[in-house]
There are 2 protein chains.
Amino acid sequence: MTQPNLTKNDGITPRSQDYSQWYLDVIKRADLAEHSAVRGCMVIKPHGYAIWEKMQRELDDRFKATGHVNAYFPLFIPLSYLTREEKHAAGFAKECAVVTHHRLKSIDGKVVVDPESKLEEPLVIRPTSETIIWDTYKGWIQSYRDLPLLINQWANVVRWEMRTRLFLRTAEFLWQEGHTAHATEKEALEETYRMLDVYADFAENIMAVPVIRGKKTPGERFAGALETLCIEGMMQDGKALQMGTSHYLGQNFAKSSDVTFLNAAGQREYVYATSWGVSTRLVGALIMTHSDDTGLILPPKLAPIHVVIVPIFKNDAEKIKVLEEAGKVAGELKAQGLVVKLDDREGIMPGAKYYEWEAKGVPVRIEIGPKDLEKGSLCLVRRFVLEKEGETEQEQRKRKKTFVPCAEALAGIKPLLDTMQRELLERAHLLRTKRSRVINSLAEFEQFFKDGGGFAWVHWAGTHEQEEEMAKRFETTIRCIPLPDQIPADAHGTGSCILTGQPSAQRVVMARAY
Amino acid sequence: MTQPNLTKNDGITPRSQDYSQWYLDVIKRADLAEHSAVRGCMVIKPHGYAIWEKMQRELDDRFKATGHVNAYFPLFIPLSYLTREEKHAAGFAKECAVVTHHRLKSIDGKVVVDPESKLEEPLVIRPTSETIIWDTYKGWIQSYRDLPLLINQWANVVRWEMRTRLFLRTAEFLWQEGHTAHATEKEALEETYRMLDVYADFAENIMAVPVIRGKKTPGERFAGALETLCIEGMMQDGKALQMGTSHYLGQNFAKSSDVTFLNAAGQREYVYATSWGVSTRLVGALIMTHSDDTGLILPPKLAPIHVVIVPIFKNDAEKIKVLEEAGKVAGELKAQGLVVKLDDREGIMPGAKYYEWEAKGVPVRIEIGPKDLEKGSLCLVRRFVLEKEGETEQEQRKRKKTFVPCAEALAGIKPLLDTMQRELLERAHLLRTKRSRVINSLAEFEQFFKDGGGFAWVHWAGTHEQEEEMAKRFETTIRCIPLPDQIPADAHGTGSCILTGQPSAQRVVMARAY
C-alpha cells in the first residue's frame, strides 16, 4: 500500500476544475477506500476505517451518556416481517438484497447454487432494522416498568443502490441505528429531538461541520415515520448533505408488530417509537467539507494520527542524532496523550513523506534535521491556515511553517490542535454564510443556482408535486424546514411561497444535494 | 425487560441435573441473548453485548499493540471468488446463505421477490473473508515494501448451521478475522504463532479460562490452511471448546487470487498468508467455564458492571439517608474507575435485586441499610468464593459476606476484584487438572469417558479414518496436538498409539467437544 514517491497534488484534480473527480482523487490519495469487486460495495481501507472508528467512539460515548445501551439483532429479515408496515415495505422494496438459498453444490465440477436448498421464506438483508427489532421488542415489553427501552445497534446494512459513490452512497454501508420504545408520545418526541441534538453536537464540535437542524417535508420522511428530523451540512461546492436523521415513528411499528404495554393506570396501550441513525456517509461529509487540492484535511478530534515526525539527515552520523531526538519528541508527545507517527522509513525522500502525510490529513508535521538540533528548535508545519485575501500560495505556505524552541513547541502542540479544530468550524461556517441567501423571487432563485447556488432560504407553501417540479427545473429539493432557533435573523417571519405566492409560516432551506 | 421478582435459582436447572439446560437457563436468567424469529440467528441482548464489547476492546488493543490495523471488506462474496480455492470452497459450500435477487415487487397486493431482479452472479454472504480480501490485496501489494500487511476486520459472518446453540453455534455470528500478508514463510509462521499467543493471553488473563495451545490434525484444519493452530478450553462438564484459531495459509490464497510481489532480490514471488479469528462463541465459553446454579459468574475484567449497590430502608426518613450514603459510595468507586450501578428502583424488594444481579454475574454487591450507616460500615457480598471441601451452602454463603468499615471497604474493592479474577483462573485450572488424565490403554480411555471424561492425554498415530472411528465409538476427537511447552511433566515423551500401537512422537489431547 506504500504509494510511490508522489509530489504535491499529484493525482488530485483541483476542486475548481472538477469537484466530483477531486472528491474521488482525495479518497484515493489519502488511501481511505476503494470500490470492491462486488457491485456497489466498497472496501474501507485502514486509514478510512480509523476515522470511522474515531467517529464511532465519540458517538457511542454520547449514546451511553444519554442512557442507551448496545445490542445486536439479526442481519436477516423474513420477507413477511418487512412487509408488515406497508409504507415501510414500499419504501425499501426496490433496493433489497434477498437470500433465497442456503447451500452450494458441485454439478459436473462446477459450483452452483443448490436448487434443493431453496428457503421456504426469502430473507431480506436488513436495509434498516425496525421490523425485526419491533418483533423482538414484543417479547421484552409488558408493562410501563419496561419502558423506556433505549437501544442502539452498530451494524452493516444493505440498500441496493444503482448509482453508488464512495462513502456517500454504497450498497452496503456501516451505521448505527437507535431504536427506542416509550410509554408516551411526549417522551418519544423528546427522544427524537434529543438524538438530533446529539448528532448536531457531534457534527459541529467533533467533525467541525456546522449543520442546520430541521424537519423533512412529508414526502421526504423515512418510510413509516410520522416525523423525520435531520441535520443538513453544506459541502464546499454549495451542495447540501443530509448527515443524520432522527425519526418519530408514533405507534406505527408497535401496531404492525402488536407491541403493547400495561400503562400505570392498568390499561393496555401501543408503545411509542423512535429510530435514528448516522452512517459511514459522514466520512464523505468530512472529506467534502474540509479538504483541499493537496488532499484530506481532518479536524484534530477525528485524526487517527495527530502529529507526524519526519527526520532529515544526510549521513549516518546525522541519522543517529536526528533519530534520537525524534524519538524523544515522539515520546514526550505520546505522554501528552497524542497519537504520533515517527516516519523513519528508509528509501523515501523527506519531501515525498511530507506530501503523503499532508494528503492523509495529519494536522501537524514536525521536521527535525541537524540544524534544528543545533538550534534546539523544531520546525512545525500546520496542515492548513485560514485563508487571507490576496495571499499567494507561497505566502500561505510560509505561514504554515514555524520554527519554535523545542520545549515551547512541545507545550504548544495541543493548543495548536485546539486552534485548528476551531478554525475548521469557523471556515466551514464562513463558507456556508457566503453561500446562503435569503431569496424572495423565483427569478432570483434561478440566478442563485445558475451562479453555483448554495442554501436558499425561501418561503414555501407548495404541494409535493410542486416540490418535484422545483427538483426538475432547478435540481433543488427542500432540505429541511428548519427548527425555529436555526433560522438566521434576516430569514425570520412569515411570507409568501416563492413558487405559488401562497402564504407561508416560515422559510425552508432549498438546495441541491448529494 | 425487567424480570419479575424471582427468587434465588428460580428458572435455573442445576448443572448436576442437566448441563445443557443449565447453560440455556443461565443465558436467559442473566438476560444475555435469545433466539430470534430468524432460523439459527440470535439476538444479543444488552447485557450479553456489553460483555462482547469488553472482549472486543481488550482484543482490539492487543491487535493494535502487535501492529495491526482495522479495515472493512464487503459482506458479499461473488460465487466465482469463493470457489477459486478448491478446498476452501468445498469446506464452506454446504453452509452458504446466497443472495440471488435484488428487488421486491408487489403482485396482486402481495410482496414477493421480483423474478426480473435476478443477479447475473449469485452473491454468498461471507462465511469468512479470505477470498474477497485476497482479491483486494492483489491491488495493494506490489513489492516487498508493501509487506507485511497486517489487517483485522470486525464483522458479522454467516454459516448456515443446522443445529444451533446460543453463542456456541449460530447461523450469523460476530467475530474478528485477521488477514495478514508476508514476504516469507518464516514471517507468516511467526505471525500465526504470535496471534495464537495473543488469544491465549486474552483467554487466560482476561477471560480467566486456561487453554491448551496446539495444532489441529490435518482433517480438522481450516479449509485451505496448511496449518491450523488453536486454543482449547475445558468447560465445567469436562468437554472441550475450541476458543480461537490461527491459520498458516501458505501461498494458497495468493495463488488462487494471483497475488505476487517483487522480493528484495527483484524476483516475483507469491505472498504468504495467515488468518486468525475469535467470535461471540467466547461468550459461551465464559458462561460454561465459570457460572454456577445461581447464574452467571464473570471475571471482573469482563464485567460490564463491577459493583452493584442495593439500598435498604423501611421508611422515607431512612430512604433519604441511605440513598445519600449510597450515592457517595457510588461516586467514590466511580472515581476509582469502576463501573457502579446504584439500584434504586422502586417497587422491587432488596432480595429480588440481590438475585437479579447475582444471576447477571456482577462481581461485588454492596448492601447499605440504616444499621450500616450507624456503624459506619458497609456490607460487601462477593459473587463467589473458592469452594472448601465439606462446606455447607450456608457456610459458603456466610464466607461471601463481610462487614467492613466504610473507608476500608472502598479501598478494598479493587484488590478484591483482582483476587476474584485470579481465583476464577485458579478454580478453572483446578477443574481442568482434576478432569485431565494421562491414559495409555483403550480400556482406561473408555472407562474415563464413561465416568464423565475430560481431557485424555493419549499417544496417537492413527489415520484420519481411525480418528473418525474413535469419534463414533466414544464421541471424542483430537482437540489438538499440544505445542511442546503445553505438555505437562507426566505426559512427556514418546509412546505407542492408544488405538493402533504404532509408535507416536508425543501425546495429543482427546476429548468430547462443543
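Readers should treat all values here as calculations from the given coordinates under stated rules, not as data from a laboratory. Just so it is clear, the structure is predicted and the values come from calculations on it, not from any experiment. Note that we place each Cβ from the backbone using ideal geometry, even for glycine, and neighbour counts take in every protein chain shown.
Details
- Distance (nanometres) between label positions extended 7 Å along Cα→Cβ at B:Thr260 and B:Tyr19: 5.3 nm
- Acute angle (nearest 10 degrees) that the helix A:316-335 long axis makes with the longest principal axis of chain A, alpha-carbon atoms: 40 degrees
- Note on chain B: antiparallel DSSP beta bridges, both residues inside, total approximately 85 percent of the bridges counted.
- Paramagnetic reach from A:Arg397 in the range A:327-364 [backbone N under 16 Å; point 7 Å along Cα→Cβ]: A:350-359
- For B:Asp114, B:Asp485, B:Asp61, order by how many other beta-carbon atoms lie within 10 Å, fewest first: B:Asp485, B:Asp61, B:Asp114
- Whole-Hz ³J(HN,Hα) from phi, Karplus 6.51 cos²θ - 1.76 cosθ + 1.60, for the range A:391-408, glycine and proline x: 7, 7, 4, 5, 4, 5, 4, 5, 5, 6, 9, 9, 9, 10, x, 3, 4, 5
- Look at B:Val283, B:Val38, A:Val458 and count the other Cβ atoms within 10 Å of each Cβ; fewest to most, that gives B:Val38, B:Val283, A:Val458.
- Chain A: angle of helix A:185-205 to the longest principal axis, Cα-based, in degrees nearest 10: 20 degrees
- For the range B:381-514, a/c is not less than 1.5, where a ≥ b ≥ c are the root eigenvalues of the C-alpha gyration tensor, and a/b tops b/c. That puts it in the prolate class.
- Listed pairs A:Lys94/B:Lys110; A:Lys87/A:Lys255; A:Lys54/A:Lys353 exceeding 19 Å between Cα atoms: A:Lys54/A:Lys353
- D_trans [Stokes-Einstein, Kirkwood Rh over alpha-carbon pairs] for chain A, 25 °C, 0.890 mPa s, µm² s⁻¹: 96 µm²/s
- For the range A:436-511, DSSP calls about 75 percent of its internal beta bridges antiparallel.
- For the range A:131-191: rounded, prolate or oblate by the Cα gyration tensor [a/c cutoff 1.5]: prolate
- Shape of the protein assembly as shown, Cα gyration tensor, a/c cut at 1.5: rounded
- Per-residue Cβ neighbour counts within 10 Å put B:Glu465, A:Glu332 in the sequence B:Glu465, A:Glu332, beginning with the fewest.
- Across all directions, the average projected area of the convex hull around the alpha carbons of the range B:305-426 is 7.8 nm².
- Computed over the range B:139-229, relative contact order equals 20 percent, with contacts defined as Cα pairs under 8 Å that lie 6+ residues apart.
- Hz values of 3J(HN,Hα) by residue in the range A:21-27 - Karplus curve (6.51, -1.76, 1.60), Gly and Pro given as x: 5, 3, 4, 5, 5, 4, 4
- Separation of the A:Lys138 and A:Glu318 label points, Cα + 7 Å toward Cβ, nm: 7.4 nm
- For chain A, the longest principal axis of the Cα atoms and the long axis of helix A:350-359 meet at an angle of about 20 degrees.
- Relative contact order (%) - chain B, alpha-carbon pairs under 8 angstrom, separation at least six: 14 percent
- Cross-link table A:Lys414/A:Lys434; B:Lys239/B:Lys388; B:Lys28/B:Lys215, entries beyond 32 Å C-alpha to C-alpha: B:Lys28/B:Lys215
- Think of the range A:300-419 as a dipole: +1 on every Lys or Arg Cβ, -1 on every Asp or Glu Cβ, centred on the Cα centre; then among A:Pro415, A:Leu380, A:Leu302, A:Leu302 lies furthest on the positive end.
- Per-residue ³J(HN,Hα) for the range A:416-428, Karplus 6.51 cos²θ - 1.76 cosθ + 1.60, θ = phi - 60°, Hz, x for Gly and Pro: 4, 4, 4, 4, 5, 4, 5, 5, 5, 5, 4, 4, 5
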